[in-house]
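The values are calculated or read from the model by the stated rules, or taken from the named source; none is laboratory data. Keep in mind the model is a prediction, meaning the values are calculated, not measured. Using ideal geometry, Cβ is built from the backbone for each residue, glycine included, and neighbour counts are taken over all protein chains shown. Calculation scope for accessible area: heavy atoms of the full protein, side chains included, ligands and nucleic acids excluded. Shrake-Rupley method; radii C 1.70, N 1.55, O 1.52, S 1.80 Å.
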Amino acid sequence: MECPRVTKTKLIVGFLGVLYATITCIYAADILSANHTIRYNETIVSLQETFELGFFSPDNSKNHYVGIWYKKRAYQTVVWVANRDAPLTHTSGQLTLTPLGVLTLLDASTGSTLWSSANSSTSLVRNPIGQLQDTGNFIIYEEVQENPIWESFDFPTDTLLPGMKYGWNLVTGVERKLTSWKSKENPASSNFSYGIDPRGYPQVMLMDGSDVKFRGGPWNGLRYTGFPNMRPNSIYNYTFVLNQREIYYQTHLVNTSVLTRLVLHPDGHLERLIWTDSKQEWSLYVAPVSDQCDKYAVCRAFGRCNIGISPVCECLEGFEPRFPDQWRGADSSQGCRRTIPLDCGPGEGFNKYSNLKLPDTRGSWYDQSMTLVECEKMCKSNCSCTAYANSNISGTGSGCVLWFGELIDIRTFGGNGDTLYIRMPASELENKNNSSAIENTKTSSARIVVRVMVHIAYVVLLIIVSISLFYLFKRMKKHQQGIPQNEFEHDPETRNGDEQLELPVFGLSTLLKATNNFSLINKLGEGGFGPVYKVFYD
């Protein structure tokens, strides 16, 4: 029996069909296995088709990059770029997961490595797998292990997605921060970055190279001190973690159907955006940097920025412009100085300043377990300590932050600001109420004692008056009913008692007659038990 003849055309068509099915099988899923390669125009897609990973080219650019972007949107929104600082100039790139669990981007034309997830592993791992999740995170892990070998969320570019952290892994030394694109056409790293500065009490900062562009300040247990309007909402919740292993900020979606991202734009502007399906566009939700007082250190040392006045700078109470003539010309660049210098005398104390953005905490000291009273004592015992505050204002407050030297980048809020206690000389405290933590505690205790005593006195007085009125009305009623004036005269037991005491007992009518109705003419004087009258008795 002869086998059927197969033409070359049928063989080619069949081979292409199998090849297409194989490619679809490999790359339509969310998994990239070891030794498999993604090439130009090939992608992997997360399980719910939220994100896609592959090669892309920005608008008006001839360069090519490996990135992750939102799928099924009106236009491509890239949230992560692998080789942002090493672009491909042609389409012959290959993205491969090696048996070592390392994601590698090769230039196939030269065989050189353009980018890799370096240091993710140094030894052979068992069946490494790469997976694109619906959070936008690409994770490499061993088939038999839960902990990832490497994940893209540890290396953010310009976008913070829900579930992604920015901050520090203090064990590995890895810093996670946002770094903006150089331009819309160029995803290369620019000078603008947004992250947590761990020096002193950790705080969030927007940097332009080595210069501070905006300081969100430290976390106060509820929010960043520079974000008074930051509060729980129906879109996402947030958390801040500070311990010996990690410092980080993280958000999680309340409704997973909502798309939101925090993005640092090429111009250094920070925005939180939300996708609006009806408009098929990203809408602004909040922009942390919004007015002139958000610029770093506008009013310099011991000055505070108040957006409600013009010019916006003023000195804190107890301080004066260092160069008054410059301030009158709206030049606050030299800041303020103390009206009366400190001398570290025993009479120095602290004045209370409310609704502030806390000063720059670089160079500060903190302890998360101390009370506010302990915090004041520690600051007062150190002549270099300028101010103190609670590190956590939630509940009744806890923790301690101490500042040394000049206080920089303070602004006033209409509400939801923090409270700062600033060291002042004794003469300044005499002119103001001393509002230190210790004095507040003593004053509060004294006020409580006074209130209790007033209430007790009031109750005692009420009882005495009630008893007096009771007996007065009782006597008057008996008098109206014809009962003898001296009701005790007909009580043998009482009379016997009176005889034993040898003290006379008089009725009210007798007293009225004897004192001429308590006439002032008959009044002899007044003592601790009331007025004393002549008693003319027959």
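Things to note:
- Computed accessible area, TYR388, all protein chains, 1.4 angstrom probe, square angstrom: 0
- About the Cα centre, charge dipole magnitude for segment 306-347 (Lys/Arg +1, Asp/Glu -1 at Cβ), debye: 60
- Normalised by the number of residues in segment 324-397, the average gap of Cα pairs under 8 Å and 6 or more apart makes the relative contact order 24 percent.
- Amide H contacts of ASN220 (H built 1.01 Å from N, under 5 Å, at least 5 apart or other chain): THR225
- Listed peptides 379-387, 78-86 by packing density, highest first (mean Cβ within 10 Å): 78-86, 379-387
- Compactness of segment 301-385, taken as the C-alpha radius of gyration over 2.2 N^0.38 Å, stands at 1.28.
- Accessible surface, 1.4 Å probe, highest first, among residues LYS352, LYS184: LYS184, LYS352
- Segment 65-218 - Rg over Rh from alpha carbon coordinates, Kirkwood radius: 0.98
- Sites LYS182 and ARG328 - FRET efficiency at Förster radius 51 Å, r taken between beta-carbons, to 0.05: 0.75
- Our coupling estimate for segment 297-304, obtained by passing each phi through the Karplus curve with A = 6.51, B = -1.76, C = 1.60 and θ = phi - 60°, is 6, 4, 9, 6, 5, 6, x, 9 Hz, Gly and Pro reported as x.
- Ordered from highest to lowest accessible area with the whole protein assembly present and a 1.4 Å probe, HIS64, HIS265 read as HIS265, HIS64.
- With the simple spin-label model, which puts each label point 7 Å out from Cα in the Cβ direction, the GLN94 to SER354 separation comes to 6.9 nm.
- Legend: distances between Cα atoms for LYS182/LYS357; LYS357/LYS380; LYS182/LYS279; LYS177/LYS213; pairs beyond 25 Å are LYS182/LYS357; LYS182/LYS279.
- Under Karplus coefficients 6.51, -1.76 and 1.60, residue-wise ³J(HN,Hα) of segment 80-86 in Hz, glycine/proline x: 7, 10, 6, 9, 4, 9, 9
- The length gained on full extension between ILE31 and LYS62, counted as 0.36 nm times the residue separation minus their Cα-Cα distance, comes to 8.3 nm.
- Counting only protein heavy atoms and a 1.4 Å probe, segment 234-301 has 50 square angstrom of accessible area per residue.
- Spin-label model, ASN127 to MET476: label points 7 Å out along the Cα-to-beta-carbon direction sit 10.1 nm apart.
- ASP267 sits with roughly 100 Å² accessible to a 1.4 Å probe, with DNA, RNA and ligands left out of the calculation.
- Close amide H pairs (under 5 Å, H built 1.01 Å from N) link GLU246 with LEU170, residues at least 5 positions away or on another chain.
- With the simple model of a label 7 Å out from the Cα in the direction of the Cβ, ILE467 to ILE309 spans 6.0 nm.
- Near the amide H of GLY363, within less than 5 Å, lie the amide hydrogens of GLY200, TYR201, all on another chain or at least 5 residues away, with H placed in the peptide plane.
- Solvent accessible area, Å² - ARG199, 1.4 Å probe, full protein context: 130
- If you plug the beta carbon distance of GLU320 and ASN237 into 1/(1 + (r/R0)^6) with R0 = 30 Å, you get a FRET efficiency near 0.10.
- Residue order for LYS165, LYS182, LYS474, LYS357 - accessible surface, 1.4 angstrom probe, largest first: LYS182, LYS474, LYS165, LYS357
- Residue-wise HN-Hα coupling along segment 214-221, computed from phi with Karplus coefficients 6.51, -1.76, 1.60 (Hz; x: Gly, Pro): 8, 10, x, x, x, 7, 10, x
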